[in-house]
Amino acid sequence: MIRTPQQERIYRLASKLPGRWPWRLAPWLYRRTHAAEARSTEDAVHALFRQHFPDAGEATVQAWARQHVNLVAYELMDAIALRRVGRGGDIPLKIEGIEKLQRGLQAGHGAIIILTHFDRILTGPIAVAQAGIPVSSLTMEIDENNQLSELEKAYFHRKISTFDDMTGGTSVKRNRSVKKIYDSLGLGNTWTILADAWHPEAKAKRGHPFLGKTLYLATGIERIAAHTQAALLHVTSFTEPDGHVRVRIRELDGDPGRAVDQVIEQLERDVRERPWAWWNWGLLDEMTKPPAA
């Protein structure tokens, strides 16, 4: 995250480089402008990878930890140069399965794209929008978060505003009424909601097997889907070694509960294959605590 005016100036200058150079430079730049943060993040995920993948060799674990820090750097550059994401010469997006979403929308009840905190999260909805389907989003609260500085709040506001402009939709904060989402889905529109978001305040949660533990997740997606009969699809992004991002769309079971189960089952498979690409490692202990009765 950009935390100082000096960091913002440096990244904005770097974001003007041609082609993919901003992202090629991003890991090097992040380790210098956010040196302490990069070191602590790499050490923390290294310990978590060692804990959850005891059979992996030390060189492999070190590579995963380094790739996770690189992903943080790419995400930061994405936020600064978001309008360049999806352009052929910059960050190409290659979408797989757009016909599945188009088919799901034919029923007229709208569609919920279920995302997870995996890889380049914003690239999936951007790819869908660039394929001709506007996307709206349920998003985080910013102004109510007293842990964010004014500069950090401005950073997130710009990021969300640019994202909404690129996806042709709107963002509704989690603490606002979901009636807008219900009404919009009733008109046949498409929304994205994160399945693995940590909501400590949520009263209704359900357990999902995950990496030998139980992940307790809020059931909001299930309630919205049951109320609206929206089509449910799972969208995941994968940053590939050549710099392009592959976006995969999967159809899900029509039963909302089973659909979310399928998303978390697939998330576990993806995390086992690419441990560095999951953002919620630092929250795993909290997310696996059983909710209070």
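The number of residues in segment 251-265 being farther than 15 Å from Thr214 by Cα and within 16 Å of the chain's Cα centre (by Cα) comes to 0.
Taken as a whole, segment 39-53 holds no residue that is closer than 26 Å to Ala131 by Cα, out of contact with any Pro (no Cβ under 9 Å at 6 or more places or on another chain) and of a type in the set (Asp, Glu).
Only residues that are farther than 24 Å from Gln106 by Cα and part of a strand (DSSP E or B) were counted across segment 179-213, and they come to 7.
Would you say Ala111 is farther than 22 Å from Trp278 by Cα and touching a helix residue (DSSP H, G or I) at 6+ places or on another chain (Cβ under 6 Å)? Against the criterion (farther than 22 Å from Trp278 by Cα and touching a helix residue (DSSP H, G or I) at 6+ places or on another chain (Cβ under 6 Å)), Ala111 qualifies.
When restricted to residues that are buried (at least 22 other Cβ atoms within 10 Å of the Cβ), part of a helix (DSSP H, G or I) and either among the hydroxyl-bearing types (Ser, Thr, Tyr) or in contact (Cβ under 8 Å) with a residue 40 or more places away in the chain (or both), segment 236-263 contains 3.
Scanning segment 6-20 for residues that are more than 23 Å from the chain's Cα centre (by Cα) and open to solvent by 30 Å² or more (accessible area, probe 1.4 Å) yields Gln6, Arg9, Ile10, Leu13, Lys16, Leu17, Pro18. If the condition is being surrounded by 14 or more Cβ atoms within 10 Å (Cβ to Cβ), over 21 Å from the mean Cα position of the chain (by Cα) and either farther than 26 Å from Ala129 by Cβ or free of Cβ contacts under 8 Å to residues at least 24 places away in the same chain (or both), then segment 181-213 contributes only Lys213. The criterion of at least 2 residues that are under 26 Å from Arg24 (Cα atoms), in contact with a His (Cβ under 9 Å, 6 or more places away or on another chain) and open to solvent by 20 Å² or more (accessible area, probe 1.4 Å) is met, among strands (runs of 3 or more DSSP E) falling completely within segment 60-149, by 93-96. If you go through segment 152-167, how many residues are buried (at least 16 other Cβ atoms within 10 Å of the Cβ) and without any contact (Cβ under 8 Å) to a residue 60 or more places away in the chain? The qualifying residues number 4.
So, of the residues in segment 264-293 that are among the hydrophobic types (A, V, I, L, M, F, W, C) and assigned to a loop (DSSP other than H, G, I, E, B), which turns out to be farthest from Gln130 (Cα to Cα)? That would be Ala293. Only residues that are in contact with a strand residue (DSSP E or B) (Cβ under 6 Å, 6 or more places away or on another chain), of a type in the set (S, T, N, Q) and more than 26 Å from Arg258 (Cβ to Cβ): list them for segment 162-203, please. Answer for segment 162-203, where residues must be in contact with a strand residue (DSSP E or B) (Cβ under 6 Å, 6 or more places away or on another chain), of a type in the set (S, T, N, Q) and more than 26 Å from Arg258 (Cβ to Cβ): Thr170, Ser171. Restricting attention to segment 215-235 and to residues that are of a type in the set (Val, Ile, Thr) and within 21 Å of the chain's Cα centre (by Cα), the residue that is surrounded by the most Cβ atoms within 10 Å (Cβ to Cβ) turns out to be Val235.
Summed over segment 214-232, the residues that are free of Cβ contacts under 8 Å to residues at least 40 places away in the same chain, in a helix (DSSP H, G or I) and within 20 Å of Glu268 (Cβ to Cβ) give a count of 1. Of the residues making up segment 162-179, those that are modelled with pLDDT of 90 or more and either farther than 25 Å from Ala131 by Cβ or not β-branched (Val, Ile, Thr) (or both) number 6. Can you find even one residue in segment 230-252 that is under 24 Å from Pro275 (Cβ atoms), among the hydroxyl-bearing types (Ser, Thr, Tyr) and in contact with a Pro (Cβ under 8 Å, 6 or more places away or on another chain)? So far as segment 230-252 goes, no, none of its residues is under 24 Å from Pro275 (Cβ atoms), among the hydroxyl-bearing types (Ser, Thr, Tyr) and in contact with a Pro (Cβ under 8 Å, 6 or more places away or on another chain).
Hey, can you tell me all the residues within segment 150-178 that are of a type in the set (A, V, I, L, M) and part of a strand (DSSP E or B)? Scanning segment 150-178 gives a single hit, Val172.
The values are calculated or read from the model by the stated rules, or taken from the named source; none is laboratory data. Worth saying up front: this structure is predicted, and the values here are computed from it rather than measured. We place every Cβ from the backbone using ideal geometry, glycine too, and count neighbours over all the protein chains shown. Keep in mind that these areas ignore ligands, DNA and RNA; they rest on the heavy atoms of the full protein, side chains included. Shrake-Rupley method; radii C 1.70, N 1.55, O 1.52, S 1.80 Å.
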